[in-house]
Amino acid sequence: MSITQKRISDHILWATIDRPAARNAIDFHVMEELEQLVELLEEEEEIRVFILSGAGEQSFVAGGDLKKFHAIQSREKAMEMSKRMHDIFNRIEQLLCWTVACINGDAYGGGIELMLAFDFRVSVPTVKFGFTQGRFYLVPGWGGLTRLVEKVGKAKAMQWCGKSEVLSANSVLAHGLIENMLRGEDMEAEVLEWTEKLTKNDRKFIKTLKEGASRFSPQRKEALEAEIEPFAELWVDDKHIKRVERFMNKKQ
């Protein structure tokens, strides 16, 4: 299993992406298990808070697993992968429970795109946030650019992605990318303390509030979908392919 689950209480489910040897990177197995997990969360009405973290202390999610995804060689397959991730993230965003990304370790690339699909992000103070797709001649392709612009504004989103910046937790907190900085002494207890009040109302209340907060942007669906094709075009570009190969050769 690439994702483990722990039922904290009747109303709280905590899941962990458990691939520490791969820095909890997303591969096809993780995608499949995320789909199964989302299906459970869609059906289990008693769950009011869903928390996701990565295994260990080093990484939350290090993005997509380049070793596995490098096998995708065509524009069509790249679009297919991107659309599948979009669907997973959109379903997370539309869950009728509160969703909390617990950033227990460094988050890079697609890991940041994943956390942006959650309602809230809380982080331990020592981690780094890397907007590093540009180092591989890529732009966010899983809805992360649209969501990043929503969180921090157009100019800051373009700066971070354009420069492939790696930022501290304090820096992204100052720009509103995360909602809360944990003390980092007892992560699980601190996260549960922060989420405790979110469990007080049922899914009818949560649905009403989440839907109301989403009405401000009627063209959002189109903006998210518009990320897929440019991402796929860059995926098959020689510059991307060569940079990934160079990176993987360094790792050997």
Kindly list, by first and then second residue, each pair from a residue in the range 217-231 that is under 25 Å from S74 (Cβ atoms) to a residue that is open to solvent by 60 Å² or more (accessible area, probe 1.4 Å), limited to pairs with Cβ atoms under 8 Å and residues at least 6 apart or on different chains. E227/L145; I228/K83
Given (1) touching a Phe, Trp or Tyr at 6+ places or on another chain (Cβ under 8 Å); (2) exposed (fewer than 15 other Cβ atoms within 10 Å of the Cβ); (3) aliphatic (A, V, I, L, M), identify the lone condition not met by A169. (2)
Would you point out the residue of the range 193-207, among those that are of a type in the set (D, E, K, R) and assigned to a helix (DSSP H, G or I), that is least open to solvent (accessible area, probe 1.4 Å)? R203
V38 vs (1) modelled with pLDDT of 95 or more; (2) open to solvent by 60 Å² or more (accessible area, probe 1.4 Å): all pass except (2)
Report those strands (runs of 3 or more DSSP E) wholly inside the range 1-100 carrying at least 1 residues which are farther than 21 Å from G130 by Cβ. 3-9, 12-17, 49-54
Among the candidates R121, R135, R75, which residue alone is touching a residue at least 12 places away in the same chain (Cβ under 8 Å), touching a helix residue (DSSP H, G or I) at 6+ places or on another chain (Cβ under 6 Å) and either surrounded by fewer than 17 Cβ atoms within 10 Å (Cβ to Cβ) or among the acidic types (D, E) (or both)? R75
May I ask you to verify whether A78 is within 25 Å of K151 (Cα to Cα) and aliphatic (A, V, I, L, M)? no
Is it the case, given these coordinates, that M85 is crowded, with 19+ Cβ neighbours inside 10 Å and either of a type in the set (D, E) or touching a residue at least 12 places away in the same chain (Cβ under 8 Å) (or both)? yes
Can you tell me which of (1) surrounded by 15 or more Cβ atoms within 10 Å (Cβ to Cβ); (2) within 26 Å of A15 (Cα to Cα); (3) within 18 Å of the chain's Cα centre (by Cα) is the one K210 doesn't meet? (3)
Please work out which one of (1) of a type outside the set (A, V, I, L, M); (2) at pLDDT 95 or above; (3) under 17 Å from L116 (Cα atoms) is the condition S214 fails and give its number. (2)
Has the range 141-148 got at least one residue that is at positive phi, in contact (Cβ under 8 Å) with a residue 12 or more places away in the chain and buried (at least 18 other Cβ atoms within 10 Å of the Cβ)? yes
Suppose we filter the range 173-187 for residues that are over 10 Å from R121 (Cβ atoms) and assigned to a strand (DSSP E or B); how many remain? 1
Might you let me know whether the range 57-69 holds any residue that is at pLDDT 95 or above and among the basic types (K, R)? no
Give the residues of the range 90-130 that are basic (K, R) and within 11 Å of the chain's Cα centre (by Cα), sorted by residue number. R121
Mind listing whichever residues of the range 154-172 are outside any helix (DSSP H, G or I) and over 18 Å from the mean Cα position of the chain (by Cα)? K163
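The values are calculated or read from the model by the stated rules, or taken from the named source; none is laboratory data. Just so you know, these numbers come straight off a predicted model, no measurement behind them. Virtual Cβ from ideal backbone geometry, glycine too; neighbours counted across all protein chains shown. The accessibility values were calculated without ligands, DNA or RNA, using every heavy atom of the protein model including side chains. Shrake-Rupley method; radii C 1.70, N 1.55, O 1.52, S 1.80 Å.
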